[in-house]
Amino acid sequence: MDIAKSTVVKSIAGRDKGKYFFVLAVEEDFLLLADGKLRKVEAPKRKKRRHAQAVGVPDTRVAEKIRSGERITNSELRRTLAQLSGEGNPDQEG
């Protein structure tokens with residue numbers, strides 16, 4: 001699966017290994033990733049494409065907003081990623 005804007009990826013290398021992120025932008029061999037918790041929308045993580053594994057392109061409002069360039073919030077990212085990964089309370093900081 002090709003990694004494009006609004007794809008959900010799983011980090012397979014680095015300190016954030018095993019964490020899920022939304023792709024906010026693609027720059028040649030690099031991806032700009034955010035999860036709304038560790039990496040905010042305002043300061044996305046720049047990660048090499050080979051260090052991320054595509055999980056899928058969700059059919060959610062957040063994915064639509066990313067593709068269309070609308071403003072998204074960190075809480076929207078956290079909530080959507082928690083629903084997709086089956087975690088408990090997405091808005092709990094820590």
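The values are calculated or read from the model by the stated rules, or taken from the named source; none is laboratory data. What you are looking at is a predicted structure, and each value in this text was computed from that prediction instead of being measured. For neighbour counting, all protein chains shown are included, and Cβ atoms are generated from backbone atoms with ideal geometry for every residue, glycine included. When the accessible area is computed, the model is the full protein with side chains, heavy atoms only, and any ligands, DNA or RNA have been set aside. Shrake-Rupley method; radii C 1.70, N 1.55, O 1.52, S 1.80 Å.
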### Task
Select from the range 2-37 the residues that are open to solvent by 70 Å² or more (accessible area, probe 1.4 Å) and over 18 Å from residue 86 (Cα atoms) and list them in ascending order.
2, 5, 12, 15, 27, 28, 29
#### Entry: Unique residue being in contact with a Phe, Trp or Tyr (Cβ under 8 Å, 6 or more places away or on another chain) and on the phi < 0 side of the Ramachandran plot when the list is 29, 35
35
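Quick grid of which residues meet (1) closer than 17 Å to residue 10 by Cα; (2) at pLDDT 95 or above; (3) among the basic types (Lys, Arg); (4) in a loop (DSSP other than H, G, I, E, B):
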residue: 47; (1), (2), (3), (4): yes, yes, yes, no
residue: 63; (1), (2), (3), (4): yes, no, no, no
residue: 66; (1), (2), (3), (4): no, no, no, no
residue: 70; (1), (2), (3), (4): no, no, no, yes
residue: 89; (1), (2), (3), (4): no, no, no, yes
residue: 94; (1), (2), (3), (4): no, no, no, yes
### Task
Scan the range 1-21 and report the pairs whose first residue is more than 16 Å from residue 38 (Cβ to Cβ) and whose second residue is charged (D, E, K, R) and not in a loop (DSSP other than H, G, I, E, B), with Cβ atoms within less than 7 Å and a gap of 6+ or a chain change.
3/49; 5/67; 6/67
### Extreme residue, least open to solvent (accessible area, probe 1.4 Å), among residues of the range 38-47 that are of a type in the set (Lys, Arg) and touching a strand residue (DSSP E or B) at 6+ places or on another chain (Cβ under 6 Å)
47
#### Entry: Whichever residue in the range 50-63 is under 13 Å from the mean Cα position of the chain (by Cα) and of a type outside the set (Val, Ile, Thr) and, among such residues, is most open to solvent (accessible area, probe 1.4 Å)
53
